[in-house]
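Notes follow the structure.
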Amino acid sequence: MVDIHSHILPEVDDGSKSWEISVAMCRMAAADGITHQVATPHANDTYHYDRAYLQGLVDHLQALIGSALTISLGCDFHLSYDNLQDVLANPARYAIAGTQYMLVELSNYSVPQQITDCFTQLGDRGITAIITHPERNPILRESMQRVVEWAEQGCVIQVTGSALTGSWGERARRAAQWLLEHDAVHVLATDAHDTEKRVPVLSSARDAATEIYGEDVANALVEANPRAIIESKPLPYFPRPVMSGYRKSSG
């Protein structure tokens, strides 16, 4: 399995608090069957994103864990006005290393209508937005059809694996399932922050997806699609999303 969203670098955001925890997280991921982990530190008003410095941390962590798994650098990119201007000027700065894919996190407090235009602007600069954990966003849970429309536009939709298994509550679980039922989920990822509560484990989500949607879809979400992302290739599983039958997943 390939995990494209994790906070495994120490002391750079609200994720790992030490090198010991970072190493333990990597070993936990490897034990779960994850072979490639993308470290995605936050870039927002709280956490400054220094690509060169963070790449040094990735290199050091890779040296510490050896061949247990491979680590790449990406970014958990908060879509603010200042960040958008910077990424349009420097499209490779925040993307998953050497690819055209970039994680985009939307605010829990405001999702402006012009966000769709932002995704178009990113596309014009060669960047495909990976919209992270919409099932956990309280605004988007009230308008899931917007997420389906972004998938129709060509955005990649990433759901948190543990949301599908119920760890984020019933509303998040129902929202994740609603998106899957509407063919608007392309990747499951851990969004891991530690070794206790938000852990780097994907197998349970893969098993849950297999039980509901079948082995082929589940494998696409944790292996084929995320591997295509780190290899900067088109996603092999990208069904046309179901635009009809809208209902609120949180109802």
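The values are calculated or read from the model by the stated rules, or taken from the named source; none is laboratory data. Quick caveat, the model's predicted, so the values are computed rather than measured. Glycine also receives a Cβ, built like all others from the backbone with ideal geometry; neighbour counts cover every protein chain displayed.
Things to note:
- Once region 229-250 is narrowed to residues that are among the aliphatic types (A, V, I, L, M) and surrounded by fewer than 22 Cβ atoms within 10 Å (Cβ to Cβ), the residue that is modelled with the lowest pLDDT is M243.
- Identity of the residue in region 175-209, free of Cβ contacts under 8 Å to residues at least 60 places away in the same chain and among the small types (G, A, S), that ends up farthest from P236 (Cα to Cα): S204
- In region 1-22, the residues that are farther than 19 Å from L103 by Cα and surrounded by fewer than 18 Cβ atoms within 10 Å (Cβ to Cβ): E11, K17, S18, W19, E20
- For region 109-124, filtered to residues that are within 26 Å of Q177 (Cβ to Cβ) and among the aliphatic types (A, V, I, L, M), the residue that is surrounded by the fewest Cβ atoms within 10 Å (Cβ to Cβ) is V111.
- Count of residues meeting criterion [over 27 Å from Q121 (Cα atoms) and over 13 Å from the mean Cα position of the chain (by Cα)] in region 145-175: 12
- Condition check for P112: in contact with a Lys or Arg (Cβ under 7 Å, 6 or more places away or on another chain), farther than 23 Å from A29 by Cβ and in a loop (DSSP other than H, G, I, E, B): no
- Residue in region 127-137 that is closer than 20 Å to P234 by Cα and not β-branched (V, I, T) present: yes
- Of the helices (runs of 4 or more DSSP H) contained entirely in region 125-217, those carrying at least 3 residues that are surrounded by fewer than 23 Cβ atoms within 10 Å (Cβ to Cβ) fall at 144-153, 170-181, 203-213.
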